[in-house]
Amino acid sequence: MARWALSSLLTVLVLSACSSGIEQAHFRRIDKHLEEGMPEEAAVEIQEAGRDVYGDLNELLYRMDLGYTLHLASLYEPSSQQLISADKLAADLYTQSLSAEAGSMFTNDLGIPYRGERYELALVNIINALNYVMMGKLDDALVEIRRLDTKFRAFQAEYEGRYAGDAFGLYLSALIYWFSGELDDAFIAGRNAMELYASQQELFGVTPPRALARDMIRWSRVLGVEPPPGTAELAGETHDLAAGGEIVVIHHLGPGPRKIERVVELSMGQGFVFLQAQDVRSDEQKDFQRTLSAAKGLASGTQITVAYPVFEQPPMRCTGARVVVEGCGEATSTLVENVSAIARIALEDRMKHEWGKIVARAVTKFVTARLAGEVAGRASNNSTVGMLAKIFTQAALSATEQADTRSWYTLPAQIHMTRLHCPPGNYTVRVEQMSNQGWAPAGGVYPEIQVNNGDKVFLHSACF
C-alpha cells in the first residue's frame, strides 16, 4: 500500500510539472505569419488555437497575443476588446489564491495561472492607447495612459523595481494632449517623459527623442515657461511649425525577447560533488533535461535542482526604419521603447524578489525526499525500502523543477517612431526598413494620405 501511494504521488508530481506550457510549434507558426507580414493570419491562428493550445492557465497570454496581432492587422476595435479583457483578467489574477502558490512549492510555477510581467501589463495599456489613437478616440487613449500610471504606483507598492515608469507611455500621452489642444497637460507629460528617458537611458539604451525636445521648446514659447534643463541643447535649432499637419508612424521591430530556462543542478554522492548550469530552449531540450535530472537524482545520494527563467533576444532582421513622404520629405525612425531591455531588467528585479521562494522550493523538495525515505523505511521496517523511496522521490521532484518560461510572445523587440510635418495635401507614404543588407522597401506603402491644417495622422508598420 505504501509503495502504491508513493508511486501515485510521484506520477502526479511529474504529470503536473509538464501540463501547463504552450507547445512551441504553435509559436513557430505565429512567427512565420509575422515574418511574412501577415498579422491577420497570425490572429486567425491564435483564435483557432484557443483554449485547446493555451489552456485554462494561459488565458491572459491568449488575450494579449490575440490583441496585439489584431492591432498589427489594423483591426483596432477587436484588438481593443481583447486588451480590455486582458487588463481586467490581469487585475483579477493579481490577487491569486494562496492555495495555487502553495501547490507550486512541490512542482513549479507552471501550475499557476499566468499573471504577466510588469512590462507586459504596462504594454497592454500602451498598445490599447495606440488602438484608440489610430481610431481617433483620443479621450479613450488618455484613459489607458492614466490606468498605466495607476499600475506603476501599485507595482512600486508591491516591491521597488528599476522599471518604475514607462517613458514612451508619457511621450505618447504628451502627443495626445497636444493633439487634443490641451497644451498645459502636454507640456507636463512631455517634461515627465524627458526626465524619465534621461534617468533610464543607461538601463534601457533609449535617449530622449529629439522630436519631443523640439516639441518642448515650441510649447514653452507658447506657454511662456522655461523648458526643462538641457532640452534646448538636445533640440538644436527649432523653428515654429508652418501650416499643415503631422504624419506619425509607429514602427514595431522585433521578434521580441524570449524566456528560456536556466537549470542549475547540484549532485552529491559517494564522495563526488557535481555542479552544472544549462540553458534550455526547445521542447525537445526540456524533455531531455527532465529525464536527465531524474536520472541524476537516481544516481546520486543527493540531488538539488533549481530552474529559473531568463530572457534571450533573438536576432533582429530589421533594426530601424525610414519614412519617405513624396512631396514633403523623409525622416529616419527614433527608438522610443526598448521592449527587450525593459523585459530583461523587469525580470531580473522580479527574480531578486522571488529568490527566497525559489530556494525554499528546492529545500522543500529536498526535505520531502528525506521524509519520504524515513516514512517508507519505518512503514516497511526495511532500511533499503526507505533508501529507495528517498531516491525515487528525489528523482521525481528533480524532474518537476521547471522554470516558468511563459511570456507575451508576439510583442516586438523595439518600438520606433517617425514624425514628419507636412503642408496640407494628399501624400503617398513609403516605409523602408533597415537591415544588415541596408535599406529595403519592406515596410509598406500608404497611398492617398490626406493632411489638413492641424491634422495628426497615425500609421504603423512592422518588421519581424
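The values are calculated or read from the model by the stated rules, or taken from the named source; none is laboratory data. Just so it is clear, the model here is predicted, and its values are computed rather than measured. Backbone-built Cβ (ideal geometry, glycine too); neighbour counts: all protein chains shown. Please note that ligands, DNA and RNA were not included when accessible areas were found on the heavy atoms of the full protein model with its side chains. Shrake-Rupley method; radii C 1.70, N 1.55, O 1.52, S 1.80 Å.
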Check Arg406: other-chain or 5+ apart residues with amide H under 5 Å from its amide H, H built from backbone geometry? none
Please work out how much length the chain gains when fully extended from Asp184 to Asp139, using 0.36 nm per residue of separation minus the C-alpha to C-alpha distance, in nm with one decimal. 14.6 nm
Which ³J(HN,Hα) values in Hz, rounded to whole numbers, follow from the phi angles of the range 341-347 under the Karplus curve 6.51 cos²θ - 1.76 cosθ + 1.60, where θ = phi - 60° and Gly and Pro get x? 5, 4, 4, 5, 5, 5, 5
Could you check the spin-label model distance between Asp56 and Val264? Points 7 Å from the Cα along Cα→Cβ, value in nm. 3.5
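Whenever you get a sec, line up Ser199, Ser407 from highest to lowest accessible area (probe 1.4 Å, protein heavy atoms). Don't jump to the answer; show the numbers that get you there.
Values: Ser199 85, Ser407 10 Å².
Heavy-atom accessible area, descending, gives Ser199, Ser407.
Go through Lys352, Lys32 and list them by solvent-accessible area, largest first, probe radius 1.4 Å.
Working: Lys352 135, Lys32 110 Å².
Ranked from most to least accessible, the order is Lys352, Lys32.
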Quick check: residue separation of Trp439 and Glu40 times 0.36 nm, minus the Cα distance between them. What number comes out in nm? 141.1 nm
For Ser333, list long-range residues whose amide hydrogen, built 1.01 Å from N in the peptide plane, is under 5 Å from its own amide hydrogen. Ala321, Arg322, Val323
Under the classification rounded if a/c is under 1.5, otherwise prolate if a/b is larger than b/c and oblate if not, where does the range 100-253 fall, given a ≥ b ≥ c as square roots of the Cα gyration tensor eigenvalues? prolate
The range 415-460 to the range 196-271: how many Å between their Cα centroids? 20
Run the simple label-point estimate for Gln156 and Glu312 please: 7 Å along Cα→C-beta, distance reported in nm. 3.5
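Given a Förster distance of 35 Å, report the FRET efficiency between Thr428 and Gln47 from their Cβ-Cβ distance, rounded to the nearest 0.05.
Numbers: r = 33 Å, r/R0 = 0.95.
In this case the efficiency is close to 0.60.
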Counting only residues 5 or more places away or on other chains, whose amide H sits under 5 Å from the amide H of Cys318 once H atoms are built in the peptide plane? Gly254
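Please give the peptides 240-249, 437-446, 342-351, 169-178 ranked by average Cβ packing (other Cβ atoms within 10 Å per residue), highest first, as a rough proxy for protection. Let's see the in-between values first.
Numbers: 240-249: 16.6, 437-446: 14.5, 342-351: 20.0, 169-178: 24.3.
Going from most to least packed, we get 169-178, 342-351, 240-249, 437-446.
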